[in-house]
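Each reported figure results from applying straightforward, stated rules to the coordinates on display, with no laboratory input. Every value quoted in this text rests on a predicted model; they were computed, and no experiment measured them. FYI the Cβ positions are ideal-geometry reconstructions off the backbone, even for glycines, and counts take in every protein chain you see.
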Amino acid sequence: MEQNNKTATSTLALAALGVVYGDIGTSPLYAFKEAFAGGHGLTPTEPNVLATLSALFWAMMLIISIKYVWVMLKFDNEGEGGVLALTALANRSAQGVMHWKLLIATAGIFAAALFYGDALITPAISVLSAVEGLSVITPALEKFILPVTIGVLTGLFFIQRRGTGSIGKLFGPITLLWFAALAVLGTVSIVQNPVVLNALNPMYAVNFALGHPAGMFFLLSAVFLALTGGEALYADMGHFGAAPVRLAWYGLVCPALLVNYFGQGALVLRSAEAIQNPFYLLAPDWFVLPLVALATAATVIASQATISGAYSITLQAMRMGYLPRLFIQHTSDSQRGQIYIPAVNWMMLVGVIVLVLEFGSSGALAAAYGIAVSGTMIITTLLTIFVTLMLPGAARLPLLAGLLVIALLEVLFFGSNLSKIASGGWMPLALGLFLFMLLSTWKRGSSLVAEQRCKLDIPMASFLCSQPDVPRVAGTAVYLTADPNTVPSALFHNLKHFKVLHEQTLFLHVVTKDVPYIEAEQRLKVIQIAPGIYNVALYFGFRQEVDIPLALQGLDAHGVTLGSMSTTYFVARSNVVDGFGGMSSWRCALFSWMTRQSEGAASFFNLPANQVVELGTKVVL
């Protein structure tokens, strides 16, 4: 049994290589050279190279190896990670204190918004930096870099609707080959110049910071590029579990990355001109073209992981009420987590192509990279500190002290990245603020709509006390309602216009909990509130697909039978009108537009199309 567990862990660790570590694994293509590029770049002298490697090594140890791989993987929300899962966990820890809940929700929404900025830049900078290896083969190929990059990215986004199940099996082996190549190339270079190993001493970074504080401040923004992707390994832990993610990091990814970075440093110490592209110049001439192909494959895998992450966080945001319902296509019959969201896919494709054309090189894009990721990292640390504060006992104090030190370091990284605002860093911040506005507007607008309906709708208790004297017709009516304490507006209009009530009436309320999964036996709660009338609550986790007909199959155990052709689902669709009340006019118009883009409840909840009646209602905000 123990042998089987070890084998399963090793298999999952291999699968995690591409999905979890694709982003951080492709950072050697551009991270080290950026320390010596641009207006604030260092001169590639031995003290500067050793200081850079020392800062990079210890930053990776503190932020990735300790904070994310060791600490954050313990802060899971019933097995799920990521900033929204952590937000839900912190929300539960707040124990009903409203001002804490508001701060936590705001932080979580903003971190999620920043994630989309990262999700746009990662495919652009990764694939572009890989294809730039063509210019190392011969300068004549430089003119093909942009067309090839756009072609690769366009192909990647176009295959999303087909799913990644068939090619996903290759992700692990290709990424394993990639990390092996990183380690071999770095080792060969270090052997030729082992003096770079002195950079393992943190005093090289400390002395540089003391002697050149301004230089270290700007250096941190380049060092941070080696850490991008750390948030992804926390977000993807739910797919593989903590043990395989840790095994892959400590056993292969971390050593391979560090060996390659130190190998690039050794190369630059031997030849300062190599700083133009130290990654590809590590390879012998005969291996450059195969390395370009391998790097392109690795960056496509990293981009795929980021795109899948964007789908996943969009789904979570919808489930938690921060986005309207969007069309979701499931691309696998066996893996429910493999989804495709067309609206997100095509917006990302346009955004990525615009970035490639606008910036034109991985070096220029590096200026825009880092701000979104460092902002998300700070929010993650602050939420973790809050959850830790809520824990009982004194054992939390050492963890709190460590988290505060890491938070201080991340603030320095964020401040350093802010220095790149004028050269492109404004883009992810602007995008993050725009998306924060969308997410918060939808949440606020949805709350106001619910409040208005509570004022207009008839209380359920009043309805039950004085049921209308109308004929009962054969069949079952299922009314979807957001509030089980009020009569759904669809039923009100039914009684007003058709003056009938079905023999069996169900008021159905879908509840999304702050946990990722709800077991099937806890899914359904049924209360009979009058003869033939039932309150039905369906409970789902924020990562689960809501399939109402499938979930309602459990009604038989509660003495309620649904006929497949005698059941009708009634859904109300709101038409929002600005009443100059709870929201400004422009936010009301934005909310109204988002409402119109929302997918109908019928398809979102997997209701059978020929059994749905949709009724429109006007809501004045």
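Assorted remarks:
- Across segment 65-209, the relative contact order, built from alpha-carbon pairs under 8 Å that are at least six residues apart, equals 11 percent.
- For segment 100-183, the dipole from Cβ point charges (+1 on Lys and Arg, -1 on Asp and Glu) about the Cα centre works out to 360 debye, to the nearest 20.
- For segment 2-444, with +1 on Lys and Arg beta carbons and -1 on Asp and Glu, the positive-most of ALA266, PHE217, PHE144 along the dipole: PHE217
- Computed over segment 326-420, relative contact order equals 22 percent, with contacts defined as Cα pairs under 8 Å that lie 6+ residues apart.
- Qualifying GluC sites (Glu not before Pro) for segment 473-550 [loop in DSSP, other Cβ within 10 Å: at most 14]: GLU519
- Antiparallel DSSP beta bridges within segment 457-620, percent to nearest 5: 20
- DSSP finds beta bridges in the chain, and of those with both partners inside it, around 25 percent are antiparallel.
- Relative packing of peptides 416-424, 470-478 - highest average C-beta neighbours within 10 Å first: 416-424, 470-478
- Selected from ASN485, PHE463, SER592, residue furthest toward positive end of dipole (segment 457-620; charges at beta carbon): SER592
- Charge dipole (segment 491-615, unit charges on Cβ, about Cα centre) - positive-most of GLY554, ILE529, TYR539: ILE529
- Mean Cβ count within 10 Å, highest first, over the residues of peptides 23-29, 290-296, 439-445, 315-321: 23-29, 315-321, 439-445, 290-296
- Mean ellipticity per residue at 222 nm, deg cm²/dmol - from DSSP H runs of n ≥ 4 across the chain, formula -39500 (n - 2.57): -18500 deg cm²/dmol
- Using 0.36 nm per residue and subtracting the Cα-Cα separation, the extra length available between LEU404 and VAL470 on full extension is 17.2 nm.
- Links that overshoot a 31 Å alpha carbon limit, given the list LYS101/LYS420; LYS74/LYS513; LYS33/LYS143; LYS74/LYS420; LYS143/LYS420; LYS101/LYS496: LYS101/LYS420; LYS74/LYS420; LYS101/LYS496
- Length gained when the stretch SER585-GLN522 is fully extended (0.36 nm per residue, less Cα-Cα span): 18.5 nm
- Where both bridge residues fall in segment 395-545, DSSP classifies roughly 30% of the beta bridges as antiparallel.
- FRET efficiency estimate (nearest 0.05) - Cβ-Cβ, VAL613 to LEU397, R0 56 angstrom: 0.40
- Per residue, the Cα convex hull of segment 2-444 amounts to 148 Å³.
- Calculated FRET efficiency for the pair HIS497/GLU545, C-beta based, R₀ 35 Å, to 0.05: 0.55
- Contact order normalised by residue count of the chain, Cα under 8 Å, 6+ apart, percent: 20
- Annotation: extensible slack from ALA530 through TYR250 equals 94.8 nm (criterion: 0.36 nm per residue apart, minus Cα-Cα distance).
- Each peptide in 171-180, 269-278, 206-215 gets a packing score, the mean of other Cβ atoms within 10 Å over its residues, and the list from highest to lowest is 171-180, 269-278, 206-215.
- For segment 450-545, the list of chymotrypsin sites (Phe, Trp or Tyr not before Pro) that fall in a loop by DSSP and count at most 11 other C-beta atoms within 10 angstrom reads PHE498.
- With Cα atoms, 0 to 90° folded angle of helix 396-418 axis to the chain main axis: 70
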